[in-house]
Structures are given as structure tokens and as C-alpha cells.
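Read the figures in this text as sums done on the coordinates, not as results from a lab. This structure is a prediction, so every number in the text was calculated from the model and none was measured. Neighbour counts are summed over all protein chains in view; Cβ atoms, including those assigned to glycine, are modelled from backbone coordinates with ideal geometry.
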Amino acid sequence: MTEPADVRVEPLGAVLTPAADESVFHCALRVGYRWPSVCGGEGSCRSCFMVVTEGEELLEPVGPWEQEGINAIVAPPGPSGVMRLACQARLRAEAVGQVVVNKRAVRKMKAIEEE
């Protein structure tokens, strides 16, 4: 049996395995990570943006709502990656492999409580 695709979040090194049709953001919350967001994953605040550095082809295409949010972000990631909104980005159903993203400030929830 083929392993499902997953998402590695750097620089933390966390590996997430989203369920079918689950966003990267919502998967992170489900397994106990805090992902910076103001709107709670609705796609309106755009603070959950991440830079995809590997495996972009394993994600569903950018939808209109996500594209609007990406267009509104002032500082594009440059040539080293593709910007996506974690609350909108989902793995393709047939995806196999790993997506690598860069998002600072993602933390294990328990670690935040201990600080």
C-alpha cells in the first residue's frame, strides 16, 4: 500500500498528514499545533500564508478565494518558493510524497502553554 502524502513544516520540522479534503492549517490544529491566524482558518486574514519550497504539484490548485488573498499579500516569497494560504491549501486526493513548506511561528500547543 502506498503511503499518503504529508506536509513537512520548516523550520519546526513537524510532519502533518491531512485527512481527505482537510487544509494544512486545520490538520495542524487537529494534531496539536498552533498556526498563526487571526480569522481562524476562513481565508480572510491571510496571516496563515506559507511558502511551499517542495512538492507544490501535490497540492490542489489555488482557488479564486485563495488567489485573492495571495494577491493582497505585499511581500511575495521570491524565487525560492510559492506562496499559499495554509487554511485553503489541500493535498490532491491522489498525492504521494511530501510537500515542504516554510512557516515561522508554528508551535506545538503544549509548548506554548508551558512558556
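Given +1 at the Cβ of Lys and Arg, -1 at the Cβ of Asp and Glu and no other charges, the dipole of the range 6-114 around its Cα centre is 420 debye to the nearest 20. Derived value for the chain: Kirkwood hydrodynamic radius 14.2 Å. Basis is the mean of 1/r over every pair of different alpha-carbon atoms. Exposure proxy ranking for 103, 110, based on other Cβ atoms within 10 angstrom of each Cβ and starting from the fewest, stands as 110, 103. Looking at the range 6-114 alone, DSSP beta bridges between its own residues are antiparallel in about 75 percent of cases.
In the chain, a dipole from Cβ-located charges (positive for Lys and Arg, negative for Asp and Glu) runs towards its positive end, and of 32, 96, 86 it is 32 whose Cα lies farthest in that direction.
A helix-only calculation puts the chain at -5000 deg cm²/dmol for mean residue ellipticity at 222 nm, using -39500 (n - 2.57) for each DSSP H run of at least four residues, averaged over all residues.
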